[in-house]
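These notes are about the structure you will find just below.
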Amino acid sequence: ELPAARRRAGGMLRRLPRSRRIPAIACAPSPRYRSDSSSSTSSSSSCAPLADVFAASVAETSRVPITRVAHEIWRRQRREPGDDYVDLTVGHAKDTVVLARMANEGEGGGRVFGFDIQNIHQASANLKSELSPSEYGSVELHEMCHSLIQDVLPPAPESRVAIVVGNLGYLPGAESDKTVKTQPETTIVALRQAAALLRPGGM
């Protein structure tokens with residue numbers, strides 16, 4: 001069933017508009033973080049193969065939300081207690097919720113750093129309603145541009161950032177100001193800083 005799903009996934013990806021296609025995943029290579037079969041959070045490599053994750057989702061349903069695929073990729077990433085996570089564009093905090101739960105799995109000890117130039121107070125309220133007190137306590141929200149993340153987090157190895165995510169564009173919703181959106185110049189700076197934050201094996 002998986003080969004057939006792969007073919008259907010490929011067709012779906014080709015039919016998606018360029019603005020909705022899933023970007024390639026960049027990983028920080030390290031043999032130290034290779035997965036093994038004994039870990040429930042391990043994948044077959046330091047980064048889960050995008051095609052297999054997407055194909056597995058297509059095998060379940062013909063209409064796959066892109067966010068669901070992204071969340072599955074994050075969950076299959078090799079993670080360890082104390083890993084930190086960064087959300088470059090918090091928005092309504094839906095991705096931040098997923099990261100906070102991941103940071104608190106098992107022994108926990110991880111933190112989530114979220115950045116946005118708007119909607120931070122509403123995002124905090126959304127997090128508080130969705131998360132447990134301990135999960136909510138692991139999240140730090142910063143009302144600032146994502147290009148300034150190194151003002152908050154030190155570079156590796158001082159930081160143990162496992163995953164950096166971002167949802168580019170404008171804040172969705174009927175009442176949002178769609179003229180406020182991520183800019184290529186600041187996003188490039190943010191991605192370069194994010195690469196310096198990743199621990200070996202991070203993505």
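The values are calculated or read from the model by the stated rules, or taken from the named source; none is laboratory data. What you see is a predicted model, and the numbers here were worked out from it, not measured in a lab. Note: ideal-geometry Cβ built from the backbone for every residue, glycine included; neighbour counts use all protein chains shown. Calculation scope for accessible area: heavy atoms of the full protein, side chains included, ligands and nucleic acids excluded. Shrake-Rupley method; radii C 1.70, N 1.55, O 1.52, S 1.80 Å.
Numbers below:
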{"quantity": "Answer from THR182, THR186 - the residue that is in contact with a Cys (Cβ under 9 Å, 6 or more places away or on another chain) and farther than 17 Å from ALA103 by Cα", "calculated": "THR186"}
{"quantity": "Lone qualifier among GLU175, GLU140 - being out of contact with any helix residue (DSSP H, G or I) (no Cβ under 9 Å at 6 or more places or on another chain) and closer than 22 Å to ARG199 by Cβ", "calculated": "GLU140"}
{"quantity": "Number of the exception - GLU105 against (1) open to solvent by less than 60 Å² (accessible area, probe 1.4 Å); (2) touching a residue at least 60 places away in the same chain (Cβ under 8 Å)", "calculated": "(1)"}
{"quantity": "Matching entry among LEU131, LEU127, LEU153, LEU99 (being within 22 Å of ARG68 (Cα to Cα), under 18 Å from the mean Cα position of the chain (by Cα), surrounded by 15 or more Cβ atoms within 10 Å (Cβ to Cβ) and touching a residue at least 40 places away in the same chain (Cβ under 8 Å))", "calculated": "LEU99"}
